[in-house]
Amino acid sequence: MFNLILFGPPGSGKGTQSEKLISKYGLKHLSTGDLLRSEIAGQTPLGLEARNFMDKGQLVPDEVVIGMISSALDANPEAAGFLFDGFPRTEAQAEALDKLLKLKKTGIHLMLALDVSEEELVSRLLNRGKTSGRSDDNNETVIRARIAEYHKKTSAVADYYKKFDKVKQVKGEGSIDEIFAALCKEVDRKSGK
Ligand code: AMP
């Protein structure tokens, strides 16, 4: 099994690069943002609760997203590995993920952290907002709040994995293919390909 975290601030290209990575390496994509948006679309109680936080650019409570990831892991016992996208976003989530994976006799092998400047992030997100249909991409105040949440709560998650020497920083600016090649180099190195 090979389990990968694709890490980086909102707008750093996690979704785009995740699609390419899962198809090349045969991993199961677990994006908490996508899971939450599908709960909202289905108007479930969880979705209705999560929406209050997402509309303000705030993080959804840890227990909600940890529960969702736990169910998704259980639902995919045959997966060759997982790509976590947008999760974990707090240290509590990172610790919970370690415990869940340990129960399945596995763990995180690598965290790839995409580096993108803040002005580039805001411009990408506003641009994405024109077509994504995501209300949290349309409003610069909400975008800045999401980036602030990243600095306040999420960037520390990279420090958590650095302690275990699992983090590789990759430049997230350039063409999609250039960034993808840089990510693949790190995956291949780590997985011994
Ligand atoms: P994303 O699609 O990853 O940009 O996530 C969109 C929004 O969903 C975020 O701004 C948060 O409100 C919420 N969200 C997604 N993943 C998480 C997570 N791991 N922890 C808390 N909130 C999350």
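The values are calculated or read from the model by the stated rules, or taken from the named source; none is laboratory data. Here the structure is a predicted model, which is why all the values come from computation and not from measurement. Note that we place each Cβ from the backbone using ideal geometry, even for glycine, and neighbour counts take in every protein chain shown.
Do we find that LYS153 is basic (Lys, Arg), surrounded by 13 or more Cβ atoms within 10 Å (Cβ to Cβ) and within 19 Å of LEU6 (Cα to Cα) in this structure? Yes: the conditions hold for LYS153. Looking across the range 54-68 at every residue that is part of a helix (DSSP H, G or I) and either more than 8 Å from the ligand (Cβ to nearest atom) or at pLDDT below 95 (or both), the one that is surrounded by the fewest Cβ atoms within 10 Å (Cβ to Cβ) is identified as GLU63.
The condition of being closer than 16 Å to ARG134 by Cα, in a helix (DSSP H, G or I) and more than 13 Å from the ligand (Cβ to nearest atom) holds for only one of LEU36, LEU48, that being LEU48. For VAL142, the stated conditions do not hold, so it cannot be described as part of a helix (DSSP H, G or I), under 18 Å from ASN3 (Cβ atoms) and among the aliphatic types (A, V, I, L, M).
Condition check ((1) of a type in the set (A, V, I, L, M); (2) out of contact with any Ser or Thr (no Cβ under 7 Å at 6 or more places or on another chain)) across all residues:
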residue: PHE2; (1), (2): no, no
residue: GLY8; (1), (2): no, yes
residue: LEU21; (1), (2): yes, yes
residue: LYS24; (1), (2): no, yes
residue: LYS28; (1), (2): no, yes
residue: ASP34; (1), (2): no, yes
residue: VAL60; (1), (2): yes, yes
residue: SER71; (1), (2): no, yes
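Residues in the range 40-53: is at least one within 29 Å of LYS168 (Cα to Cα) and surrounded by fewer than 22 Cβ atoms within 10 Å (Cβ to Cβ)? No, the range 40-53 contains no residue that is within 29 Å of LYS168 (Cα to Cα) and surrounded by fewer than 22 Cβ atoms within 10 Å (Cβ to Cβ).
Condition (residue is part of a helix (DSSP H, G or I), at pLDDT 95 or above and touching a Gly at 6+ places or on another chain (Cβ under 7 Å)) applied to the range 149-157: is it met by at least one residue? Yes, because at least one residue in the range 149-157 is part of a helix (DSSP H, G or I), at pLDDT 95 or above and touching a Gly at 6+ places or on another chain (Cβ under 7 Å).
If you go through the range 85-101 one residue at a time, do you hit one that is within 30 Å of GLU178 (Cβ to Cβ), within 13 Å of the ligand (Cβ to nearest atom), part of a helix (DSSP H, G or I) and among the basic types (Lys, Arg)? Scanning the range 85-101, I find no residue that is within 30 Å of GLU178 (Cβ to Cβ), within 13 Å of the ligand (Cβ to nearest atom), part of a helix (DSSP H, G or I) and among the basic types (Lys, Arg), so the answer is no. Might you let me know whether the range 105-118 holds any residue that is surrounded by 15 or more Cβ atoms within 10 Å (Cβ to Cβ), within 14 Å of the ligand (Cβ to nearest atom) and more than 15 Å from THR154 (Cβ to Cβ)? Within the range 105-118, not a single residue is surrounded by 15 or more Cβ atoms within 10 Å (Cβ to Cβ), within 14 Å of the ligand (Cβ to nearest atom) and more than 15 Å from THR154 (Cβ to Cβ).
Of all residues in the range 124-142, one or more are over 17 Å from the mean Cα position of the chain (by Cα), of a type in the set (A, V, I, L, M, F, W, C) and within 12 Å of the ligand (Cβ to nearest atom).
If we keep just the residues of the range 18-33 that are in a helix (DSSP H, G or I) and away from the ligand (no atom under 13 Å from the Cβ), which is nearest to GLY57 (Cα to Cα)? Out of the qualifying residues, it is GLU19. Evaluate the following for GLY81: is it away from the ligand (no atom under 13 Å from the Cβ), in contact with a helix residue (DSSP H, G or I) (Cβ under 8 Å, 6 or more places away or on another chain) and in contact (Cβ under 8 Å) with a residue 60 or more places away in the chain? So GLY81 fits the description; yes.
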